[in-house]
């Protein structure tokens, strides 16, 4: 049994509350854990205590009366009532409203993100919620992206205002850094080296037997001179405020979906995150007057966060994938190596199942016949994408 408070060998919590006049932020943006996979939950709860948390996203949008209001995303009954002056009060009425606003089914599959969103939401909701936010996020119009990009976000017929609907939704009690410290520190089989360029040093490293590569797959083959895959990154600007009531905004995350020339919406950032709303903050933070907000800007330069899903990138990735499958002694794992948007739980399950396969094939020691039944891959489906 793990002693979760002492897994890091008795070291004090690295951020004493007295050092922070406001909430503890996350350096790489808000990350929300949610899953429907019991195996993933059983695995990660070995390394951290968890706090139940259901994420809710709001968006600032222009309404039918030309003012701007905060509404739930994904779109739901409240969203259409506020934006368009509808009077929807039941799922049946919401289904009827959508049916009146969506194009008729023609039996074909959506060919791009714009078609996907309009078929599910209709042109009005598409314009208000999806179109400009997607452009700011990807620097491409929805019509230039795969249909799966906008299929990830549902349009709800009920009043459920949660962003995710998975049965398990939670946050690590002491943050993600502590989760990974508990996972790797103190294990004498793991040697952590930071600021280390593998490609510059690989000729000097001992024979590892199996390399697990989680970086961009095109970076692994950069010496071949092939085209690079596209990735999107994020930049963050931090602001400190002391608003009346102690909070800057009414939710942890508020999206800014517009690029319409209206001052309230026409901003370069995609969203504002206020970490004071998260339940895994140190005791006493919510009573303090100060708060920190982060504005997020999507960009091309910086650390690669998001593969860009469109036909050209998919075709190029298939060439890299074919090369990777022939690479002896290398296992390509994760979002960047697989050029696929994984949610956190999908990334964990994908790694666990790849390990199952290596064990079953004898690549991690003697062949284990009993492991063959566990080597099947779960159909993960698309990730929910950038929030």
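A few remarks follow.
- The order of 197, 266, 356, going from fewest to most other C-beta atoms within 10 Å of their C-beta, is 197, 266, 356.
- Segment residue 200-residue 141, length gained on full extension (0.36 nm per residue, minus Cα span): 17.5 nm
- Sorted largest first, the spans of the alpha carbon positions of segment 294-368 along the three principal axes are 50, 30, 18 Å.
- Shape call, segment 170-315: gyration tensor on alpha carbons, a/c limit 1.5: oblate
- Across the chain, the mean sequence separation of Cα contacts (distance under 8 Å, 6 or more residues apart), normalised by length, yields a relative contact order of 21 percent.
- Part-to-part distance (alpha-carbon centres) for segment 137-171 and segment 274-297, which is given in Å: 25 Å
- C-alpha center-to-center spacing [segment 195-228, segment 66-126] in angstrom: 46 Å
- Packing-based exposure ordering (other Cβ within 10 Å, fewest first) of 157, 63: 63, 157
- Per-residue extension of 0.36 nm, minus the Cα-Cα distance of residue 46 and residue 325, leaves a gain of 97.2 nm for this segment.
- Translational diffusion coefficient of segment 57-151 (Stokes-Einstein, Kirkwood radius from Cα pairs, 20 °C, 1.002 mPa s): 155 µm²/s.
- Rg [Å, one decimal], Dmax [Å, integer] - segment 167-243, C-alpha atoms: 18.7, 57
- If you run the Gaussian network model on the chain, springs between alpha carbon atoms under 10 Å, then out of 295, 131, 202 the most flexible one is 202.
- Calculated P(r) tail over 25 Å for segment 98-220, as whole % of Cα pairs: 56 percent
- Most mobile of 208, 183, 323 in a GNM of the chain (Cα contacts under 10 Å): 208
- Note that the chain carries a Kirkwood radius of 23.4 Å, evaluated over its alpha carbons pair by pair.
- Antiparallel content of DSSP bridges confined to the chain, in %, to 5: 80 percent
- Tensor-based shape of segment 142-189 (alpha-carbon gyration tensor, a/c under 1.5 rounded, otherwise prolate or oblate): oblate
- Mean separation of Cα contacts under 8 Å, 6 or more apart, over the residue count of segment 57-151: relative contact order %: 21 percent
Values quoted throughout were computed directly from the atomic coordinates according to the rules given, and no laboratory measurement underlies them. Values in this document were obtained by computation on a predicted structure and should not be read as measured data. Reconstructed Cβ throughout: ideal geometry from the backbone, glycine too, with neighbour counts over all protein chains shown.
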